[in-house]
Amino acid sequence: MKFKDFEPGLVIHHGPVTVDEAEMLAFSRAYDPQWFHTDAERAREGRWGGLIASGWMTCGLAMRMAVEAVLHDSECFASPGLDRLRWMHPVRPGDRLRLEATVDSKRVSSTRSDLGIIRWTWRLFNQDEAQVFEVEVTNLFELETTSGSA
């Protein structure tokens, strides 16, 4: 999707993606080795009643879906950051997550005419339509500029 195609209010859908338990365990063991992400037996006895995915893996799944749905053929080259990262419900092995991304704003930089800025909100929902994740994302897009010289 190109910068010119984004408009405030546009909602982009992608997925579902199934959360694979082996991938979930591998991610958690490498990057978030808390017992409720890595120890199935102990997790069954814990607050969540079973294994739950690391929130950071959930972020990664959202990013993958955003790239597949939108960013893979865009002029996007960076993100200066995220706001309001929230994990509302645990994500479990076998969950089927879908992305709903809403464009909040679009503008060309006031100081650089070759820079487009999109602010959008990414939400993930599971197979029961429970929202499990939300984040406000800013992405930067390289724009073509017309040169005044011949």
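Every number here is computed from the coordinates shown, using simple stated rules; none is lab data. Here the structure is a predicted model, which is why all the values come from computation and not from measurement. Neighbour counts run over all protein chains shown; Cβ positions are idealised from the backbone, glycine included.
Taking the C-alpha atoms only, the angle from helix 21-31 to the longest principal axis of the chain is near 70 degrees. Rounded to the nearest 10 degrees, the inclination of helix 55-69 to the longest alpha-carbon principal axis of the chain is 40 degrees. Going through (1) 1.28; (2) 0.96; (3) 1.23, the figure that equals Cα Rg over 2.2 N^0.38 Å as computed for the structure here is (3).
For the stretch 80-150, trypsin sites (Lys or Arg not before Pro) meeting the loop criterion (DSSP other than H, G, I, E, B) and having at most 14 other Cβ atoms within 10 Å: Arg112. Restriction of the GluC sites (Glu not before Pro) in the stretch 51-150 to DSSP coil positions whose beta-carbon has at most 15 other beta-carbons within 10 angstrom yields Glu129, Glu144.
Rounded to the nearest 20 debye, the dipole size of the chain about its Cα centre is 280 debye, using +1 on the Cβ of Lys and Arg and -1 on the Cβ of Asp and Glu.
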